[in-house]
Amino acid sequence: MKKTIIAPSILSANFSNLERDVKMLESIGADWVHIDVMDGHFVPNITIGAGVVKALRKTTKLFFDVHLMIANPEKYWLDFKKAGTGLIVFHQEVLTDKKKLIKDIKDSGIKVGVSIKPKTSIEEVENLLPYVDLVLVMTVEPGFGGQFFMEDMVPKIKGLRKIINEKKYNCLIEVDGGINAQTGKICIDAGADALVSGSYIFSAKNPAEAIKSLFI
Ligand code: DX5
Ligand code: ZN
């Protein structure tokens, strides 16, 4: 069985010690770093800009997974690419021309993903699946770390797995929000390829054990 990709979210890291925390993630076997970018408009919170990503790029070799919870991804994605991001994930719910955005990001030589909020159905994102490298299923309302996993999102993971397998799309399924050892296992069983986890890893006494518990 292939190993689940673990993408710790630095939203729960110590923002005055990001370098230390990202290096810690690298040393304990994280696969990706999940970076939550919020604009105070698409979601009611403001977090990290491309300048911080650029500074972090110098501190680690880990792959950067940037989750853009912003209303205008077409305006800002290139800044994050230039800052050293390997994957840009935008939201299905934005009004942007999404097929053009996908093409622009892909043509720039990096990976692209699309995310769906809890109230967005898989039917609403299905038309984009042939073109993206990843689909991100939100299992909390985006905006904040430390929320409870919404178990009623699990059928969406299963539904996406079925479509992606049947149509043989080259698209990973990532899940984000309220992931711990127990909910992570539910997502893996439902067909997830990658798990984002913030507060569970960063509040653990032993973050290395927390990461291991996500894929055992
Ligand atoms: C929420 C973010 C998540 C969040 C996950 O808007 O997209 O990445 O940081 O944090 P936990 O694992 O604490 O739910
Ligand atoms: Zn996220």
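Could you calculate the contour length gain from ASP79 to GLU141, that is, 0.36 nm times the residue separation minus the distance between their Cα atoms, to one decimal place in nm?
19.8 nm
Beyond a 32 Å Cα-Cα separation, which of these cross-linked pairs lie in this structure: LYS2/LYS23; LYS117/LYS205; LYS81/LYS167; LYS2/LYS119; LYS54/LYS106; LYS3/LYS75?
Listed pairs above 32 Å: LYS3/LYS75.
If packing is taken as the average number of other Cβ atoms within 10 Å across a peptide's residues, how do 69-80, 46-57 rank, most packed first?
By packing density, highest mean first, the sequence is 69-80, 46-57.
Expressed as a rounded percentage, what relative contact order does the chain have, with Cα pairs under 8 Å and six or more residues apart?
With pairs under 8 Å counted, the relative contact order is 20 percent.
VAL52 to GLU151: FRET efficiency via 1/(1 + (r/R0)^6), r the Cβ-Cβ distance, R0 41 Å, to the nearest 0.05?
Result of the calculation: an efficiency of 0.80.
Cut-off under 14 Å on the C-alpha distance; same-chain residues fewer than 8 positions from LYS185 excluded. Which aspartates and glutamates are left, in chain and number order?
Within reach: GLU151, GLU174, ASP176, ASP193.
Can you give me the relative contact order of the stretch 39-130 as a percent, contacts being Cα pairs under 8 Å and 6 or more apart?
Reported as a whole number, the value is 25 percent.
Of the peptides 97-110, 191-204, how do they stack up when ordered by the mean number of other Cβ atoms within 10 Å, highest first?
191-204, 97-110
Take every DSSP beta bridge with both residues inside the chain and express the antiparallel ones as a percent of the total, to the nearest 5.
Just about 5 percent of them are antiparallel.
Shape call for the stretch 1-71 from the C-alpha gyration tensor, a ≥ b ≥ c root eigenvalues: rounded (a/c under 1.5), prolate (a/b greater than b/c) or oblate?
oblate
Summarise the accessible area of the chain (1.4 Å probe, protein heavy atoms) by the percent that is carbon and sulfur.
Using a 1.4 Å probe with all protein chains present, the chain comes out at 55 percent carbon and sulfur.
Let me make sure I get this right: for the stretch 25-167, a, b and c are the square roots of the gyration tensor eigenvalues over alpha carbons, sorted descending. Under 1.5 in a/c it's rounded, otherwise prolate if a/b > b/c, else oblate. Which is it?
rounded
Could you give each residue of the stretch 199-206 its phi-based ³J(HN,Hα) in whole Hz, using Karplus coefficients 6.51, -1.76, 1.60 with θ = phi - 60°, and x for Gly or Pro?
4, 4, 6, 6, 9, 6, 5, 10
So, in nm, how far is label TYR169 from label HIS41 when the simple model puts each one 7 Å beyond its Cα toward the Cβ?
About 2.8 nm separates the two model spin labels.
Before I look further, what does the stretch 32-75 give for accessible area per residue, probe 1.4 Å, in whole square angstrom?
Dividing the accessible area of the stretch 32-75 by its residue count gives 42 Å².
Can you run phi through the Karplus equation (6.51, -1.76, 1.60; θ = phi - 60°) for the stretch 144-152 and list ³J(HN,Hα) in whole Hz, with x for Gly and Pro?
8, x, x, 8, 7, 4, 8, 5, 6
With a/c under 1.5 counting as rounded, go ahead and sort the stretch 108-168 into rounded, prolate or oblate using the C-alpha gyration tensor (a ≥ b ≥ c being the square roots of the eigenvalues; past the cut-off, prolate if a/b is larger than b/c, else oblate).
Since a/c reaches 1.5 but b/c is at least a/b, the shape of the stretch 108-168 is classed as oblate.
The values are calculated or read from the model by the stated rules, or taken from the named source; none is laboratory data. For clarity, every value in this text was computed on a predicted model and none was experimentally measured. Please note: Cβ atoms are built from the backbone with ideal geometry, for glycine as well, and neighbour counts cover all protein chains shown. The protein model used for the area step is the full one, side chains on, heavy atoms only, and it has no ligands, DNA or RNA in it. Shrake-Rupley method; radii C 1.70, N 1.55, O 1.52, S 1.80 Å.
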